[in-house]
């Protein structure tokens with residue numbers, strides 16, 4: 001059985017975003033240690049999780065009022081596009097913590113919205129297959145992203161990496177925003 005077009009579209013664009021973000025994921029600690037050391041890695045990560053939690057609470061209360069949920073998902077990709085470009089200019093602990101809070105907002109807009117859109121289009125006859133297909137694709141994308149990210153930083157540096165990730169996030173944004181409204 002084939003999964004439907006709406007799920008294929010969601011998987012494709014979320015996969016593009018996931019690939020981009022995973023290019024940096026395992027290298028975050030290396031980048032942050034150069035700004036402020038080991039403690040800043042933990043503090044900035046905590047700032048991300050606390051802000052994501054606060055924004056998740058807010059999105060949870062207000063998100064169902066939004067008719068076109070795909071716009072919330074698109075907004076999360078656009079925020080991440082800007083956020084990854086901001087890494088080019090972050091050189092202080094305060095700037096990094098603010099940026100992580102910005103990413104917390106993107107997380108709160110994106111994760112529950114992707115889940116809601118995905119669930120909306122799941123076929124009850126093959127729901128485990130559809131969720132498994134997404135998990136399989138996500139794991140393979142993250143493996144590839146981790147390897148390529150390390151190569152990019154080794155060969156070209158973090159600046160190029162942040163530009164590449166921003167381009168991928170922006171393409172995911174465009175893909176979701178330009179998809180026909182009745183598809184998603």
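The values are calculated or read from the model by the stated rules, or taken from the named source; none is laboratory data. A quick note: this is a predicted structure, and the numbers were derived from the prediction, not measured. Reconstructed Cβ throughout: ideal geometry from the backbone, glycine too, with neighbour counts over all protein chains shown.
Restrict the check to region 90-113 and report whether at least one residue is surrounded by fewer than 17 Cβ atoms within 10 Å (Cβ to Cβ) and not in a helix (DSSP H, G or I). Yes, there is a match, as at least one residue in region 90-113 is surrounded by fewer than 17 Cβ atoms within 10 Å (Cβ to Cβ) and not in a helix (DSSP H, G or I).
Kindly establish whether residue 30 is over 19 Å from the mean Cα position of the chain (by Cα) and closer than 16 Å to residue 145 by Cβ. Criteria met by residue 30.
Considering region 1-22, and only residues there that are touching a residue at least 24 places away in the same chain (Cβ under 8 Å) and over 14 Å from the mean Cα position of the chain (by Cα), the residue that is farthest from residue 149 (Cα to Cα) turns out to be 1.
Do we find a residue being free of Cβ contacts under 8 Å to residues at least 12 places away in the same chain, surrounded by 13 or more Cβ atoms within 10 Å (Cβ to Cβ) and either in a helix (DSSP H, G or I) or on the phi > 0 side of the Ramachandran plot (or both) anywhere in region 32-51? Yes, region 32-51 contains at least one residue that is free of Cβ contacts under 8 Å to residues at least 12 places away in the same chain, surrounded by 13 or more Cβ atoms within 10 Å (Cβ to Cβ) and either in a helix (DSSP H, G or I) or on the phi > 0 side of the Ramachandran plot (or both). Considering 133, 123, the condition of being at pLDDT below 95, outside any helix (DSSP H, G or I) and either over 22 Å from residue 177 (Cβ atoms) or more than 18 Å from the chain's Cα centre (by Cα) (or both) is satisfied by 123 alone.
Taken together, 25, 63 contain a single residue that is over 28 Å from residue 88 (Cα atoms), assigned to a helix (DSSP H, G or I) and in contact (Cβ under 8 Å) with a residue 12 or more places away in the chain, which is 63. Checked against the criteria, residue 117 counts as more than 14 Å from the chain's Cα centre (by Cα), in contact (Cβ under 8 Å) with a residue 60 or more places away in the chain, in a helix (DSSP H, G or I) and closer than 18 Å to residue 16 by Cα. Looking only at region 1-14, residues that are assigned to a helix (DSSP H, G or I), over 16 Å from residue 106 (Cα atoms) and touching a helix residue (DSSP H, G or I) at 6+ places or on another chain (Cβ under 6 Å) come to 4 in all.
Select from region 150-162 the residues that are part of a helix (DSSP H, G or I) and loosely packed, with under 15 Cβ neighbours inside 10 Å and list them in ascending order. Of everything in region 150-162, those that are part of a helix (DSSP H, G or I) and loosely packed, with under 15 Cβ neighbours inside 10 Å turn out to be 151, 154, 155, 156, 159, 160.
With touching a helix residue (DSSP H, G or I) at 6+ places or on another chain (Cβ under 8 Å) and either surrounded by fewer than 13 Cβ atoms within 10 Å (Cβ to Cβ) or modelled with pLDDT of 95 or more (or both) as the only criterion, which of 56, 62 stands out?
Values: 62 fails: touching a helix residue (DSSP H, G or I) at 6+ places or on another chain (Cβ under 8 Å).
Going through 56, 62 in turn, the sole match is 56.
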